[in-house]
Amino acid sequence: MKYKTLVFVAACLTFIVVVVGAYVRLQDAGLGCPDWPGCYGHLVGVPEGADQIARAEQGFPDRPVEGHKAWKEMFHRYIAGTLGLLLVTIMVIAWRKRRVLQQSPWLPTAIVLLVGVQATLGKWTVTMLLKPVIVTLHLLGGMATLALISWLALRQREWPAMSPGALRLRSWAAIGLVIVICQIALGGWVSTNYAALICRDFPTCHGAWLPAMDFDHGFHLARELGMTAAGAPLSIEALTAIHWTHRIGALLTLIYIGSFALELIRTGGCARMGAALAMLLALQLCLGLANVLMTLPLPIAVAHNAVAAALLVTMVVINFALSRGGTRPNSV
């Protein structure tokens, strides 16, 4: 299989891994297996027969076997492991054929190193019992892997020259990418703290435009799930601060990215990118509202995560096009 094809397959598989990871988290299956990398000691499959389940529960007496959750978690691990092997293959080819490809092999190497960090975070997610900062970093690591493999995939094709009017938008694009990443981080913090439904009205929260909030405890990183750093239960005010901050971030993202999309549409050679960005932004806003008003239905919640990943990839594409436009794939 050609190097280019491998890279594009890896990019698609990374997107799938990110979305499946969101599904597993939203199904509360992140602890479906109490150990890592296997599941109740099984590297292949999960305990199913009565004897296997009895032995598993004897080995993990405080973690009864829930087969449906265990299979979801293991499926995510299997496809993530497949992706890891694929990325290692790409890195090896990049080094061995670097003169033929005329591309630096350091980006594929960086991606493999990042995936190694991701695997460690995935292990800690289980062993540290869904500690919010670990789960959020795991989410961001997945998104970072998606962004980098997307950039690598974009290097494999030619790009038309950009007009001077388009090139002036480079700084806009860079800032927009940072804003999208920050909003994804806030969304991850909402999800990992189970704060998505703490405000069930919109546009107000608990019937107020500025509800009572506790930012100190809500955004304290070194704590257990649902607890303050001192070990007390996390208050509604702390969860409200998390949710409300994500809403404010969504508003700022809508204003900036929406304005940027309109500017792209008005700029020669960028209309399609601008239209795609505007469409995804509008869809993401609708999904976010539906999550609140419809009490977080699973398909919509998963779609909200998927569109966030798509927005990230779109911003990567736009940044690449504006910064590398007019170059050939073997020169970047």
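The values are calculated or read from the model by the stated rules, or taken from the named source; none is laboratory data. None of these values were measured; they are calculated from a predicted model. Because the Cβ atoms are built from the backbone with ideal geometry, glycine has one as well, and the counts that use them run over all protein chains shown.
What the table shows:
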| quantity | calculated |
| --- | --- |
| Residue count, the stretch 25-56 (criterion: among the aliphatic types (A, V, I, L, M) and either in contact with a strand residue (DSSP E or B) (Cβ under 7 Å, 6 or more places away or on another chain) or at pLDDT 95 or above (or both)) | 1 |
| Positions within the stretch 149-185 being under 19 Å from ALA306 (Cβ atoms) and out of contact with any Ser or Thr (no Cβ under 9 Å at 6 or more places or on another chain), in sequence order | ALA153, LEU177, ILE181, ILE184 |
| Failed criterion for TRP159 (all others in (1) at pLDDT below 95; (2) over 30 Å from LEU322 (Cα atoms); (3) of a type outside the set (Val, Ile, Thr) hold) | (2) |
| Residue that is of a type in the set (Val, Ile, Thr) and in a loop (DSSP other than H, G, I, E, B), where the choices are ILE198, ILE184 | ILE198 |
| The stretch 121-149, residues that are among the aliphatic types (A, V, I, L, M), without any contact (Cβ under 8 Å) to a residue 40 or more places away in the chain and part of a helix (DSSP H, G or I) | LEU121, ILE134, LEU137, ALA144 |
| Residue in the stretch 212-225 that is under 20 Å from THR295 (Cα atoms) and either in the same structural domain as ASN305 (by TED's automatic domain parsing) or of a type in the set (A, V, I, L, M, F, W, C) (or both) present | no |
| Close pairs from the stretch 167-183: first within 16 Å of MET273 (Cα to Cα), partner outside any helix (DSSP H, G or I), Cβ under 7 Å, at least 6 apart | LEU169/THR267 |
| 2 or more residues in contact with an Asp or Glu (Cβ under 9 Å, 6 or more places away or on another chain): qualifying helices (runs of 4 or more DSSP H) within the stretch 1-120 | 67-96 |
